[in-house]
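Heads up, the thing below is written out as structure tokens.
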Amino acid sequence: MRWLVPMLAMLLLPLPAVAEPWRIVCDENFPPYNFVEQGHVAGLDAEIIAALVQRAGATPQIDPQPWVRVQDLLERGEVDAAFQFVGRADRFEKYFMVGPFRTGQTVFATRPDHTIQWRSLTDLRGYRIGTIRGYTYGAAFDNDASLTREAAAGDYSQLVRMLAAQRVDLIIGDREALSYFARREMLRLDILGPPLAEVPRYIAVPKTRPDRAERLAGALASLRRDGSLAAILKRWE
């Protein structure tokens, strides 16, 4: 019977709190920022978001989806958050936009044998520009009706293949993502300078979840203060 008393005492101890799971959706194939590797979501942004959610006291459940589906789930408030959104006025009105947590570059790219020169968007009139349906590239590009766009329904992989097949004259997107897919498709790319934009990336949170936004904002400030965010960015350079 001597063992019974300590066992009963252990049973009466409060159980450790289990961190609540947060469903976070993202583009299913956007390397090097997020991608599925051996059944797990990996990448720079996936690592940053996981660290943020954990610092906020929750368990990250990162769920990769087609980008159109990501936007739909966020719109309907069926997820706790989504990433990696470009800041846009309508998004700041519709969602809590936490960040930015990093900055990237939007660039134009084409085949090495090109003769395209670009310094302003007017230089690109008459060319077929490959885009990804549902993506935003900044107000100047998005609202310029004089430009000819050919939208890919898929991801960067399809966009790069469209360029290789000469279905478009140039493509637009994130510098690192375009370079990654070009290497995978064994296609040489010429990045046209200068970049169209330096692009801050945000986490979007439904307006129905203000507590999530507040906790994520606090976690982001904390990761910046103690150098954790800088360390993650450094590992992926």
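The values are calculated or read from the model by the stated rules, or taken from the named source; none is laboratory data. This is a predicted model, so every value here is computed, not measured. Cβ placement follows ideal geometry from the backbone for every residue including glycine, while neighbour counts extend to all protein chains displayed.
A few comments on the model shown:
- Number of the condition not met by Thr59 [criteria: (1) without any contact (Cβ under 8 Å) to a residue 60 or more places away in the chain; (2) of a type in the set (S, T, N, Q); (3) closer than 30 Å to Leu187 by Cα]: (3)
- Across region 120-153, the number of residues qualifying as of a type in the set (Lys, Arg), closer than 21 Å to Gly104 by Cβ and outside any loop (DSSP other than H, G, I, E, B) comes to 1.
- Hits in region 138-186 - residues which are acidic (Asp, Glu) and touching a Gly at 6+ places or on another chain (Cβ under 6 Å): Glu150, Asp174
- Top-ranked residue of region 176-198 - restricted to ones that are of a type in the set (Asp, Glu) and under 16 Å from Asn29 (Cβ atoms), ranked as surrounded by the most Cβ atoms within 10 Å (Cβ to Cβ): Glu176
- Within region 153-180, the set of residues being modelled with pLDDT under 90 and in contact with a Leu (Cβ under 9 Å, 6 or more places away or on another chain) comprises Tyr156 only.
- Near pairs, Cβ below 9 angstrom, 6+ apart or cross-chain, from region 72-89 (more than 22 Å from Ala50 (Cα to Cα)) to any residue that is at pLDDT below 90 and of a type in the set (S, T, N, Q): Arg88/Thr136
- Single residue of region 152-175 satisfying the filter (among the hydrophobic types (A, V, I, L, M, F, W, C) and loosely packed, with under 13 Cβ neighbours inside 10 Å) that is farthest from Thr103 (Cα to Cα): Ala165
- Between Asp155, Asp174, Asp226, Asp169, the distinction of being more than 27 Å from Asp72 (Cβ to Cβ), assigned by TED's automatic domain parsing to the domain that holds Arg125 and not small (Gly, Ala, Ser) belongs to Asp169 only.
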